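I have placed the structure first, in the form of structure tokens, so that the comments after it can refer back to it.
The values are calculated or read from the model by the stated rules, or taken from the named source; none is laboratory data. For clarity, every value in this text was computed on a predicted model and none was experimentally measured. Using ideal geometry, Cβ is built from the backbone for each residue, glycine included, and neighbour counts are taken over all protein chains shown. All accessible areas refer to the heavy atoms of the entire protein, side chains included, with ligands and DNA or RNA removed. Shrake-Rupley method; radii C 1.70, N 1.55, O 1.52, S 1.80 Å.
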Amino acid sequence: MKQWKRMIGIVALAMFGLVAAACGGTESAASSGASTSTAAKTQASASSSGTAAASGKKILVAYFSATGSTKAVAETAAQALGADLYELKPVQSYTDSDLNYRDETSRVSKEHNDPNRHTELSNPTPPNFASYDVVLIGAPMWWHEAAWPVNDFLTKNDFTGKTVVPFVTSYSDPLGDSGKKMEAIAGTGKWQEGMRFMGRGSKDEIESWAKGLKF
């Protein structure tokens, strides 16, 4: 009888060991699956980090923004492309009163009426500008054209060999021939057709446009 009980005990222990091993195997597999899933997500995130990485191109988004609308578009486009962001800043910043185009004595009104107008930038040339393959240039629309502070950036840099894509922001004006005018001022670069965004645009619209660009 004792021998029989001993055999039952041995069998029970063996079965317990098998169950424990099975549970351990299940946990290990689950952990492995979680690790694989995490790795897959990380890889997917890296592969979708932006057109810049996918195309192997180094991209710069340079912009002048007076009220924040162009800045908002530039930031979203740069993030979508994995690009560097660079704000163009006039030596003399524009105040709210400077931007009052309804006032004929305001700064922008006087500049607009001056055929020799030129707004000097404090930082017209980004660091390592020569290393960029693609340059997106953004500006608000002033009097049916891209705001003239970007002209200092266009004239003081060499865009030879670079793909250049202009974009503008406006609540009323279309892009018109602003892109062509910017291209003429720059004199160099392989310019593509530009884009106009209504005000700050929408995140989806900006990302769709940026990721659809062909470099």
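Using the Karplus curve 6.51 cos²θ - 1.76 cosθ + 1.60 with θ = phi - 60°, work out ³J(HN,Hα) for each residue of the stretch 71-80 in order, rounded to whole Hz, and write x for Gly and Pro.
Going residue by residue, I get 4, 4, 5, 4, 5, 5, 5, 5, 5, 5 Hz, with x marking Gly and Pro.
Give a residue-ordered list of calculated ³J(HN,Hα) values for the stretch 171-184 (Karplus: 6.51 cos²θ - 1.76 cosθ + 1.60, θ = phi - 60°; whole Hz; x for Gly, Pro).
Running phi through 6.51 cos²θ - 1.76 cosθ + 1.60 with θ = phi - 60° gives 8, 9, 7, x, 4, x, 9, 4, x, 5, 5, 5, 4, 5 Hz.
Could you pull out every residue, at least 5 positions away or on a different chain, whose amide H is within less than 5 Å of the one on LYS162? Hs are placed 1.01 Å off N in the peptide plane, and Pro or chain starts have none.
Here GLY189, LYS190 satisfy the definition.
Do the alpha carbons of any pairs in LYS110/LYS190; LYS58/LYS214; LYS181/LYS211 sit beyond 23 Å of each other, and which pairs? Before the final figure, lay out each step's value.
Working: LYS110/LYS190 33 Å; LYS58/LYS214 13 Å; LYS181/LYS211 25 Å.
Check vs 23 Å cut-off fails for LYS110/LYS190; LYS181/LYS211.
Which chymotrypsin sites (Phe, Trp or Tyr not before Pro) in the stretch 94-181 sit in a loop by DSSP (not H, G, I, E or B) and have at most 13 other Cβ atoms within 10 Å of their own Cβ? Spell out each step's value before the answer.
Working: sites: TYR94, TYR101, PHE129, TYR132, TRP142, TRP143, PHE153, PHE159, PHE167, TYR171; in loops: TYR94, TYR101, TYR132, TRP143, PHE159, TYR171.
Within the stretch 94-181, the qualifying chymotrypsin sites (Phe, Trp or Tyr not before Pro) (loop, at most 13 other Cβ atoms within 10 Å) are TYR101, TRP143, TYR171.
How do the peptides 200-207, 70-77 rank, highest first, by the average count of neighbouring beta carbon atoms within 10 Å per residue?
Numbers: 200-207: 15.8, 70-77: 23.6.
Per-residue mean Cβ counts within 10 Å order the peptides as 70-77, 200-207.
Any idea of ARG117's accessible area? Nearest 10 Å², probe 1.4 Å.
About 70 Å², ignoring ligands and nucleic acids.
Net charge near PRO124: determine it from the other residues with C-beta under 11 Å of the C-beta of PRO124, scoring Lys and Arg +1 and Asp and Glu -1.
Details: positive: LYS89, LYS156; negative: GLU120, ASP152.
It works out to a net charge of 0.
Can you give the net charge of the other residues whose Cβ lies under 13 Å from the Cβ of VAL108, counting K and R as +1 and D and E as -1? Display every interim value, and only then the final one.
Numbers: positive: ARG102, ARG107, LYS110, ARG117; negative: ASP96, ASP98, ASP103, GLU104, GLU111, ASP114, GLU145.
Residues close to VAL108 contribute a combined charge of -3.
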